[in-house]
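Student: Below you'll find the structure I mean.
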Amino acid sequence: PSFDYLHVGELGDATDDLIARLARDLSRPPQQVVLKTNDRVAMTDFPIPAYELAEVKRYFLGSIQYSSGCPYQCEFCDIPALYGRNPRLKTPQQIIAELDRLRECGVTETIYFVDDNFIGNRKAAVDLLPHLIEWQKRTGYVVRLACEATLNIAKRPEILEKMREAFFATIFCGIETPDPDALKAMHKDHNMMVPILEGVRTINSYGMEVVSGIIMGLDTDKPETADALLAFIEQSRIPLLTINLLQALPKTPLWDRLERENRLIHDEGRDSNVDFLLPYDQVLASWRRCMEIAYQPEKVYARYQYQCDFTYANQLKMPVSAEQKNWANIKRALIMLRNIFWKIGVLSDYRKVFWKFALGRLRRGDLGGLIGSAMIAHHLIMFARAASVGQQNASNYSLRLREASVPAE
């Protein structure tokens, strides 16, 4: 990237060097300066992020970090090489202080734990959860929490129950594929510690929606892989899946293996740098077909209907706090409803599907489920339509540049 200064790594000696350089001279350097962290600051010494310097109300989510690193060694993942296999931790007291700061700065919706794996250190997660529960009780459950975790969290009901009490609403799980042979090949055997569909249902039963990562273009893929993925999406009832073509990242076992096999392709005109075993055009066409079918309005809303009835219904039932009962929030909700009813309920070509869902939520008084589902569903539908005709990258890691085909509204 053509930045003047590039800081690589976590807080540490590179950070001190960057601050010292800028203190001496704010003029642009003649060429890019790359600063790499060698000696990292202990996470227990991290300062509270300066959230007040960001326009937090313009962000969909607040973010917070408790740990760094992951004990697993999935072939495609660079986290162990970048941050280590033994998760480094902040203290629960640090996290509570950061949560308080986020609230002071105006975050009142969702706060996302960006940890590589929330249960990378299960004992640490267990230690933190009672503090989160007490914080939620103290602050009136104003915010929902979300995180990323491996699917084997479904084997830990004691953790899931505490997460429910702490008002976690979403868990991103890297399911990647429902194919056991593929999971074994990518060294993600821990996804098979519990049957995948059973694991998803278990998490849902504690009131948490599962968001899933899916990878296409694996060496184990077959011509019928797309059909298997679509069947899995239908059976799992996961509304939101990030479906990507396989991308080899530096510092991963996958990169090293493909380099040995001479299967890395350095072509920014492609959506992946991997020389697939199946023809590239066939893999890309399968991805586009999956996007087109998985995000058809009828299918997306059917999955959200399930979430409203069987997942969100299992969340803590909390009365609206006094802090949330204000005209600003009421006005905001009314504006969102107006936009949804007009842009989706009147102007969209799938308005019949929308109204079938919306009227059911309105009869139940579930405005939150209506607003949240409709907003995300609309984005998914429009994104998938663009993707299915080649107007979106087939990988979030792709270097290929495209103009935005789905305007921000």
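Student: For residues that are in contact with a Cys (Cβ under 9 Å, 6 or more places away or on another chain) and closer than 27 Å to residue 289 by Cβ, tally how many sit in segment 171-195.
Tutor: Counting residues in segment 171-195 that are in contact with a Cys (Cβ under 9 Å, 6 or more places away or on another chain) and closer than 27 Å to residue 289 by Cβ gives 6.
Student: Also, I was wondering about something else. Going through 277, 334, 316, 258 one at a time, which residue ends up being out of contact with any strand residue (DSSP E or B) (no Cβ under 8 Å at 6 or more places or on another chain) and either assigned by TED's automatic domain parsing to the domain that holds residue 214 or buried (at least 18 other Cβ atoms within 10 Å of the Cβ) (or both)?
Tutor: Checking each option against the conditions leaves just 277.
Student: Something else about it: So which of 175, 203 ends up being assigned to a strand (DSSP E or B) and in the same structural domain as residue 219 (by TED's automatic domain parsing)?
Tutor: The conditions single out 175.
Student: So, one more: Considering only segment 14-32, I want to know if a residue exists there that is of a type in the set (S, T, N, Q), assigned by TED's automatic domain parsing to the domain that holds residue 92 and closer than 28 Å to residue 148 by Cα.
Tutor: No, because not a single residue in segment 14-32 is of a type in the set (S, T, N, Q), assigned by TED's automatic domain parsing to the domain that holds residue 92 and closer than 28 Å to residue 148 by Cα.
Student: Can you name the residue in segment 168-183 that is closer than 30 Å to residue 138 by Cβ, buried (at least 21 other Cβ atoms within 10 Å of the Cβ) and of a type outside the set (Val, Ile, Thr) and is also nearest to the chain's Cα centre (by Cα) among such residues?
Tutor: The selected residue is 173.
Student: Counting just the residues of segment 251-276 that are in a helix (DSSP H, G or I) and in contact (Cβ under 8 Å) with a residue 40 or more places away in the chain, which one comes out farthest from residue 83 (Cα to Cα)?
Tutor: Among residues in segment 251-276 that are in a helix (DSSP H, G or I) and in contact (Cβ under 8 Å) with a residue 40 or more places away in the chain, the one farthest from residue 83 (Cα to Cα) is 257.
Student: If you check 144, 122, which single one turns out to be out of contact with any Lys or Arg (no Cβ under 6 Å at 6 or more places or on another chain) and more than 25 Å from residue 101 (Cα to Cα)?
Tutor: 122
Student: Look through segment 14-44, keep the residues that are assigned to a helix (DSSP H, G or I) and among the β-branched types (Val, Ile, Thr), and return whichever of them is nearest to the chain's Cα centre (by Cα).
Tutor: Filtering segment 14-44 for residues that are assigned to a helix (DSSP H, G or I) and among the β-branched types (Val, Ile, Thr), the one nearest to the chain's Cα centre (by Cα) comes out as 44.
Student: Report, ordered by the first and then the second residue, all pairs with beta carbons closer than 7 Å, sequence separation of six or more or different chains, a first member in segment 72-101 that is within 17 Å of residue 143 (Cβ to Cβ) and among the small types (Gly, Ala, Ser), and a second member that is at pLDDT 95 or above and part of a loop (DSSP other than H, G, I, E, B).
Tutor: 97/48
Student: Note down all Cβ pairs under 9 Å where the first residue falls in segment 198-217 and is among the polar types (S, T, N, Q), the second is in a loop (DSSP other than H, G, I, E, B) and at pLDDT 95 or above, and they're at least six residues apart or on different chains.
Tutor: Every condition considered, the pairs that remain are 204/237; 212/238; 212/240.
Student: Return the only residue of 126, 107, 114 being out of contact with any Leu (no Cβ under 7 Å at 6 or more places or on another chain), among the aliphatic types (A, V, I, L, M) and at pLDDT below 95.
Tutor: 107
Student: Sticking with this structure for a sec: Would you be able to say whether some residue in segment 102-115 is assigned by TED's automatic domain parsing to the domain that holds residue 85, over 24 Å from residue 84 (Cβ atoms), in contact with a helix residue (DSSP H, G or I) (Cβ under 7 Å, 6 or more places away or on another chain) and of a type in the set (Val, Ile, Thr)?
Tutor: yes
Student: Among (1) touching a residue at least 40 places away in the same chain (Cβ under 8 Å); (2) in the same structural domain as residue 175 (by TED's automatic domain parsing); (3) closer than 22 Å to residue 149 by Cβ, which single condition is residue 10 missing?
Tutor: With (1) touching a residue at least 40 places away in the same chain (Cβ under 8 Å); (2) in the same structural domain as residue 175 (by TED's automatic domain parsing); (3) closer than 22 Å to residue 149 by Cβ applied to residue 10, the lone miss is (2).
The values are calculated or read from the model by the stated rules, or taken from the named source; none is laboratory data. Treat the numbers as computed from the prediction; the structure is a model and nothing was measured. Heads up, the Cβs are rebuilt from the backbone with ideal geometry, glycines too, and the neighbour counts pull from every protein chain shown.
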